[in-house]
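The values are calculated or read from the model by the stated rules, or taken from the named source; none is laboratory data. Everything numeric in this text was worked out from a predicted model, so none of it was measured. No Cβ is skipped: glycine too gets one built from the backbone with ideal geometry, and neighbour counts run over all protein chains shown. In case anyone asks, the SASA skips ligands and DNA or RNA and just uses the protein heavy atoms, side chains included. Shrake-Rupley method; radii C 1.70, N 1.55, O 1.52, S 1.80 Å.
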Amino acid sequence: MIPAIVLAAGRSSRMGRAKATLPAGDGDTFLTRIVRTFLDAGVDDVIVVVGHDAESIARSFSESGLPARFVVNDRYDEGQLSSLLAGLSVIDRPGVAAALVTLVDVPLVSAATVRAVVDAYARSHAKIVRPSSGKRHGHPLLIDRSLFAALRNADPASGAKPIVRAHASAAGDIAIDDEGAYVDIDTEEDYRRTIGVRSDGGSENE
C-alpha cells in the first residue's frame, strides 16, 4: 500500500487566502484537484493535513464528495515537517510500503505523473522517487517507509530536505516532462499567470 499525504496546513501568507480553496478550473479547488488526481492514479487512501483555516478547508472540500481523510496539525506554525509527521502518524501501519507526499501549492500534476512515480518505485525500490527535469525536482515525492523513523528524528529547523537529499539517487530521479509537477503556486501573481483567474474567482479577462 502506498497512501498519499497532501500538506495543506500552512497560512498561505503570501497568497493572502487559503490555497486549498482557490479555484483551479473545471469546478475544482486546488485541494479537490489534487485529491482527484491521486484517486484517478489509483491511490485509494489520501490524507489531507490541515492546520490554519482547517474548518473552512474541510467544509469546502466536503462539497466535492471525494473520499479523503483529514488530520489536523495544531503545530503547523512549527514548519512543514510537523505536517508531514502528522500525516505519517495516520498512514504508518503494517502493509504500507511508502508514502506519496505533495504540497497543496502544486495542484496541476497529472495522474500519469503519479502513476509514473509509483511504477518507478516498484521497479527500483529507491528510497526516494521524484519527478525530475534537468536540475528541477517536482511532486509528488515518494518516500520509502524505511525513512519514516529518520523523518521523525529530523531537526525541525532543517525539515525533511536533508533526508531527501541524502537518499536521492539516479534510480529514483525519473525524467518527467509534466510541467504541472514543478509549478509551485505561492503568490497572487503565480496564480494569475498559471491558472488565469483571480483569487476571488473572477477571470483575468473580466
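Remarks
- Number of residues in the range 158-176 that are surrounded by fewer than 16 Cβ atoms within 10 Å (Cβ to Cβ) and outside any helix (DSSP H, G or I) equals 5.
- Condition check for ASP155: surrounded by fewer than 20 Cβ atoms within 10 Å (Cβ to Cβ), of a type outside the set (Ser, Thr, Tyr) and not in a helix (DSSP H, G or I): yes
- For the range 1-51, filtered to residues that are under 16 Å from LEU100 (Cα atoms), open to solvent by less than 10 Å² (accessible area, probe 1.4 Å) and assigned to a strand (DSSP E or B), the residue that is modelled with the lowest pLDDT is ALA8.
- Considering (1) open to solvent by 50 Å² or more (accessible area, probe 1.4 Å); (2) touching a Leu at 6+ places or on another chain (Cβ under 6 Å), the lone condition that ARG93 does not fulfil carries the number (2).
- If you go through the range 59-85 and pick out every residue that is open to solvent by less than 40 Å² (accessible area, probe 1.4 Å) and within 23 Å of VAL109 (Cα to Cα), you end up with 8.
- Total residues in the range 98-149 satisfying the condition of being open to solvent by less than 40 Å² (accessible area, probe 1.4 Å), among the aliphatic types (A, V, I, L, M) and under 23 Å from SER82 (Cα atoms): the figure is 13.
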